[in-house]
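Below is one structure; the comments refer to it alone.
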2 protein chains.
Amino acid sequence: MTWDLTADRPIYAQLIEQLELRICSGTYPPGSRLPSVRDLAQEASVNPNTMQRALARLEEDGLLYSHRTSGRFVTEDAELIRKTKNKLAHEQVQEFLQRMKDLGFEYNEILSIITDIAEELIK
Amino acid sequence: MTWDLTADRPIYAQLIEQLELRICSGTYPPGSRLPSVRDLAQEASVNPNTMQRALARLEEDGLLYSHRTSGRFVTEDAELIRKTKNKLAHEQVQEFLQRMKDLGFEYNEILSIITDIAEELIK
DNA sequence: ACTACTGTATTAAGTACCTAATACAATAAT
DNA sequence: ATTATTGTATTAGGTACTTAATACAGTAGT
């Protein structure tokens, strides 16, 4: 998975989201050690301060913890990760349905559009 | 429909999106006249310059046109509006599916989650 | 003719974000 | 012991966004 950053939103916010994704999807497994702030920053072509800011936020949420000199680790609380994953998924669905509704689509139309596009992706 | 603005993204970008929604959903019908820049800005609690910036962008896309002194109007090109609506819908679905996939969900799971939440919304 | 309203442009100031360049204390590795 | 690496903190500078305060030209309504 690569770092996908856009100019139209604060970088630190995008980093938070993508780090969450990596934790919730298991890319960074529970208890595993993350690359150092400096390495992560270089990976993402971002200033270490900006990466640090994102990491600090995930630490507030309990998804990460740091040992001052040995590095930073993913929580071993699998239940927290599961809850976070479900929360994020729920938010994604809610926002998606709301936007489609704002665009003027009915629920039936939304389902059929999703089905169509998903079939394209599969074939 | 009210103006929903968040601090975590540029306001002008959010205005562009919400104006697009109003045009594509028919809230602002084809050929209709929009409130003045100043009025729209006041509605949204935003500086007229910021609203102007968003409107200028929609003008570039052909969704709006302005008569220098009589006001600003929605295009009468219904086909353009339809295409824009479909483009936006397609983008929404693509982004949504991508994020759910990044979170670690399979297509079947996504469909079932959507169905569950949609049923909640209906009942 | 006059008034009010239209879109548009300009300038200045404040704020948030991002980067760069350091620095420091703690500890793992040697 | 020494060295390298860790997270963390600080300072300064640049950029983009937003607001505020104007100003101007064109035109519809009176």
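The values are calculated or read from the model by the stated rules, or taken from the named source; none is laboratory data. In this text the structure is predicted, and so the values were computed from the model without any measurement. Glycine gets a Cβ as well: all are built from the backbone with ideal geometry, and neighbour counts include every protein chain shown.
For segment B:100-123, does any single residue satisfy the condition of being part of a strand (DSSP E or B) and more than 7 Å from chain A (Cβ to nearest Cβ)? Break it down into steps so the answer makes sense when it comes.
Looking only at segment B:100-123, we keep the residues that are part of a strand (DSSP E or B), and these are none.
No.
Would you check if there is a residue in segment A:63-80 being over 17 Å from the mean Cα position of the chain (by Cα), more than 10 Å from DNA strand D (Cβ to nearest atom), at positive phi and in contact (Cβ under 8 Å) with a residue 12 or more places away in the chain?
So far as segment A:63-80 goes, no, none of its residues is over 17 Å from the mean Cα position of the chain (by Cα), more than 10 Å from DNA strand D (Cβ to nearest atom), at positive phi and in contact (Cβ under 8 Å) with a residue 12 or more places away in the chain.
For the subset of segment B:48-98 comprising residues that are exposed (fewer than 12 other Cβ atoms within 10 Å of the Cβ) and outside any helix (DSSP H, G or I), which member is farthest from the other protein chains (Cβ to nearest Cβ)?
Applying the filter and picking the extreme gives B:69.
Quick one: is residue A:70 of a type in the set (Gly, Ala, Ser), more than 28 Å from residue B:19 (Cα to Cα) and modelled with pLDDT under 95? Before the answer, list the steps.
Values: of a type in the set (Gly, Ala, Ser): yes; more than 28 Å from residue B:19 (Cα to Cα): yes; modelled with pLDDT under 95: yes.
Criteria met by residue A:70.
From A:43, A:106, A:20, grab the single residue that is of a type in the set (D, E, K, R) and either in contact with a Phe, Trp or Tyr (Cβ under 8 Å, 6 or more places away or on another chain) or on the phi > 0 side of the Ramachandran plot (or both).
Numbers: A:106 fails: either in contact with a Phe, Trp or Tyr (Cβ under 8 Å, 6 or more places away or on another chain) or on the phi > 0 side of the Ramachandran plot (or both); A:20 fails: either in contact with a Phe, Trp or Tyr (Cβ under 8 Å, 6 or more places away or on another chain) or on the phi > 0 side of the Ramachandran plot (or both).
Being of a type in the set (D, E, K, R) and either in contact with a Phe, Trp or Tyr (Cβ under 8 Å, 6 or more places away or on another chain) or on the phi > 0 side of the Ramachandran plot (or both) holds for just one of A:43, A:106, A:20, which is A:43.
Looking at segment B:1-47 only, could you name the residues that are surrounded by 13 or more Cβ atoms within 10 Å (Cβ to Cβ) and among the β-branched types (Val, Ile, Thr)?
B:11, B:16, B:23, B:27, B:37, B:46
Identify the residue in segment B:17-55 that is of a type in the set (A, V, I, L, M, F, W, C) and in contact with a Pro (Cβ under 8 Å, 6 or more places away or on another chain) and, among all such residues, is farthest from residue A:98 (Cα to Cα).
Selected residue: B:37.
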